[in-house]
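Since the structure comes first, as structure tokens, the remarks are kept for the end.
The values are calculated or read from the model by the stated rules, or taken from the named source; none is laboratory data. Keep in mind it's a predicted model, so treat the numbers as computed, not measured. Virtual Cβ from ideal backbone geometry, glycine too; neighbours counted across all protein chains shown. With ligands, DNA and RNA removed, areas are computed over all heavy atoms of the protein, side chains included. Shrake-Rupley method; radii C 1.70, N 1.55, O 1.52, S 1.80 Å.
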Amino acid sequence: ARVLADEAVWHWRHGASDLAESVAAEAVAAAREGDDLQTLAMARGRQGAVLTYLGQLDNARVALREAEALAESAAPRVRSLAAGWRAQLASALGDLGERRDAYRRAVELYTMEGDLRRAAGAEMNLADASNRVGAYAEAEHALRDALEKCRRVGYRLMEGYALANLGYALARQCEAVEAL
């Protein structure tokens, strides 16, 4: 079940949407056969993430609700991931308030468990939420903090997103030279 859940995400990231969806369903079915709630929570959560990115938002919501409910009795790592999955779905639904709340929770949980890399990534996403609501000065400050944290832990992908989002916040504040 764990391997299939990872494989489903891999297929989605490589453009094989149909295969991602079917492999995610296989992962959930395999997890249901076992008695490990953590594995089922992970499989259902990853299925929800895949469904979110495939635009199947109602199905994603159902999968993520189950994953979150299961995560409450699972390891802290699963609760952290579930907060991130919830934030992704909220983003897709256009629920910016829920997005901010979920990323805030993800930062808190990742920090508590000592996962500074994922905490930095979640902080970048949380900071970008301010851009989405037009709070560009707030976004600038938070993105600079997130950028520093991403650099500190060597999270180059999220560092790039932080820079792009910081450029946007600066441009919206008429700081074109610095934005560039």
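Taking the numbered list (1) open to solvent by 40 Å² or more (accessible area, probe 1.4 Å); (2) touching a Leu at 6+ places or on another chain (Cβ under 6 Å) in turn, E108 passes all entries but (2). When E72 is tested against (1) closer than 14 Å to A24 by Cβ; (2) open to solvent by 20 Å² or more (accessible area, probe 1.4 Å), just one condition goes unmet, and that condition is (1).
Among residues of the stretch 1-14 that are more than 11 Å from A43 (Cα to Cα), those with a Cβ under 9 angstrom from a residue that is of a type outside the set (D, E, K, R) and in a loop (DSSP other than H, G, I, E, B), sequence gap 6+ or separate chain, pair up as W10/A16; W12/L54.
Which members of the stretch 85-119 meet the condition of being touching a residue at least 40 places away in the same chain (Cβ under 8 Å) and not aliphatic (A, V, I, L, M)? Passing the criteria: only W85. The residues of the stretch 91-105 that are in a helix (DSSP H, G or I) and either surrounded by 22 or more Cβ atoms within 10 Å (Cβ to Cβ) or of a type outside the set (A, V, I, L, M) (or both), listed by number, are S91, G97, E98, R99, R100, D101, A102, Y103, R104, R105.
Scanning the stretch 53-64 for residues that are modelled with pLDDT of 95 or more and part of a helix (DSSP H, G or I) turns up L57, D58, N59, A60, R61, V62, A63, L64.
When the criteria are applied in full, A1 fails the requirement of being surrounded by 15 or more Cβ atoms within 10 Å (Cβ to Cβ) and closer than 30 Å to R152 by Cα. Within the stretch 111-131, being farther than 28 Å from R172 by Cβ and in a helix (DSSP H, G or I) holds for T111, M112, E113, L116, R117.
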